[in-house]
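Readers should treat all values here as calculations from the given coordinates under stated rules, not as data from a laboratory. Model, not experiment: these values are computed from the prediction. Note that each Cβ is placed from the backbone with ideal geometry, even for glycine, and that neighbours are counted across all protein chains shown.
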Amino acid sequence: MSCYNKLPYIGQAIDSVFNQDIDYPIEVIVCDDASTDGSYQYLLKNYSAQVRLLYNDSNVGPAITRNKCLDIAKYRFIAFLDGDDIWLPNKLRVQMKHFDSRKNIVVFTNSRIVDQNGVFLKTRSVDGFRFSWSSLLKINPIPFSSAIVDRQLAADFRIPDIPKRQDYALWLNLLRKGDAINCGEPLIEYRLSPGSISRSWRVGLFYYNYKALRYSGKLSRIHSFCLLFFHVIAKIKQYYS
């Protein structure tokens, strides 16, 4: 888990991990990316005995911060969570049932969208159950905070260090080795807050979709540009749903 200026929410996010109704051992790793709002001091005071806490001396961005967590993670399955999102109590239990195939490298869920005060706004669902690398070229269906990755298939994967759409670039890399499964239930609360990069769907964000397709997808310029049409349509549907 990466944290940058998430003081109002980070405790709720961590508590949602410890409230999972499973018997598996859970290792929680949080890296603070040089927060300026007291997040790190709050974590030291309230969670230093429960989580593995890391700190960046300067702000280096989410990719490097998350990769520091990956470097010390010891278990086979890696579950991501942003510092302002929340897992529902049965999230891990439901998802782990889908790691019964050697092809399933990522398992993700749908989302409950909430505002910055935690008030429910809507459910965001993705049509489809199994997603291959080729289907991922036209849409990014995987909410980052919902994903679990099987390191037995993914090996020593890294999160690409690009300004935006690190998640999409990561899925493009991973799904060359297996499929992503949507377990179908909304098992996270995704918070729309003033600081959320992904709240806006400005043209600039589609540029980073293009970059992800071009370099992680290893596609030609023309092919990458043409695929942006499907991303625009998907985003419009998402915005008006």
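General remarks:
- Wholly enclosed strands (runs of 3 or more DSSP E) of segment 48-156 bearing at least 3 residues in contact with a helix residue (DSSP H, G or I) (Cβ under 9 Å, 6 or more places away or on another chain): 52-55, 77-79, 104-114
- Segment 1-43: number of residues that are touching a Ser or Thr at 6+ places or on another chain (Cβ under 7 Å) and on the phi > 0 side of the Ramachandran plot: 2
- Selection from segment 206-231 of residues that are closer than 16 Å to SER135 by Cα and surrounded by 15 or more Cβ atoms within 10 Å (Cβ to Cβ): ASN209, TYR210, ALA212, LEU213, ARG214, SER216, GLY217, LEU219, SER224, LEU227, LEU228, HIS231
- Selection from segment 7-46 of residues that are closer than 15 Å to ARG66 by Cα, of a type outside the set (Asp, Glu), assigned to a loop (DSSP other than H, G, I, E, B) and within 18 Å of the chain's Cα centre (by Cα): VAL28
- Selection count, segment 96-128, where residues are within 20 Å of TYR168 (Cβ to Cβ) and among the polar types (S, T, N, Q): 5
- One residue from LEU81, LEU88, LEU43, LEU53 being free of Cβ contacts under 8 Å to residues at least 60 places away in the same chain, surrounded by 14 or more Cβ atoms within 10 Å (Cβ to Cβ) and within 23 Å of ASN117 (Cα to Cα): LEU43
- A single entry from SER125, SER132 fulfils the requirement of being in contact (Cβ under 8 Å) with a residue 60 or more places away in the chain and surrounded by fewer than 18 Cβ atoms within 10 Å (Cβ to Cβ): SER125.
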